[in-house]
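Working notes for the structure below.
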Amino acid sequence: MPLKIGSRIFVICLIVSAQISSAQSRYYCHDVDDSGIIKRAYESFEKDIFTHYKFGTDSIKTYRTFLAEVASLSIDLRKLPSERSIQLARQFKKVANNKNSIWIKLSEYENHEAYRKSYPTTSVNKKNEEEILIFNYRGGFIQCLKNSSDSDDFQEIVNALELDGNVSTSLIAQKIYYIPDKEFRGVEIKNFIAFDIYYSILMVIEKAFG
């Protein structure tokens, strides 16, 4: 009898330990930001898409529907984002120049000569003209997501973006959409969708919300 009780206690401890580890890993990469904005933004994103698409707890269907609409340029941006997410996008823009920002100016990300050739008519130095911001694929946050992920497809996508970050959001959404379900469930990929796709879009359109 003592042996059986001891075995049960051991199994329970393993289950609890696994649950704690899962909870910790869920926000592990959020630790690169000590302000907590990344964690808040991810939670706001999930609330937005689950509320908007109404597929209950079916995260695969919810995320894939969002990606499909972004890829096909059919997403209704008048209804999807919450005021909270819009405000968070504005905060991200304000701190884009900080060294720990998960976004970066395209002119700083790319080689200066390559940038000049790709955008010969872009007047990035004009006053009152905003520079293009892109997700910092070489930064600590995305590198944490990539290195923590078990998805080879996801890692290949990020590796390609590290070399050339000037890729349309719709094309990135399309590539992520076709990652197999087993890998797609990973929280790293969901975080990538939240920031590189959702908040990258909101940072562009936030002015339309007044």
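What follows draws every value from the coordinates through simple rules; no lab data is involved. Please read all numbers here as calculations on a predicted model, not as lab measurements. No Cβ is skipped: glycine too gets one built from the backbone with ideal geometry, and neighbour counts run over all protein chains shown.
Per-structure values
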item: Estimated dipole of the range 22-91 in Debye, rounded to 20 [Cβ of Lys and Arg +1, of Asp and Glu -1, Cα centre]; result: 220 debye
item: Spread of Cα-to-Cα distances over 10 Å intervals beginning at zero, given as percent, for the range 35-209; result: 9, 38, 38, 13, 2
item: Cα point-scatterer Debye curve for the range 129-210, base-10 log of I(q)/I(0) at q = 0.21, 0.22, 0.24, 0.27 Å⁻¹; result: -0.98, -1.06, -1.24, -1.52
item: Electrostatic dipole magnitude of the range 145-210 [Cβ: Lys, Arg +1; Asp, Glu -1; Cα centre; debye, to 20]; result: 280 debye
item: Additional length obtainable on full extension of the chain from Ile205 to Ser82, 0.36 nm per residue less Cα span; result: 43.0 nm
item: Charge tally in the Cβ shell below 10 Å around Ser151, where Lys, Arg are +1 and Asp, Glu are -1, Ser151 excluded; result: -3
item: Electrostatic dipole magnitude of the range 35-209 [Cβ: Lys, Arg +1; Asp, Glu -1; Cα centre; debye, to 20]; result: 660 debye
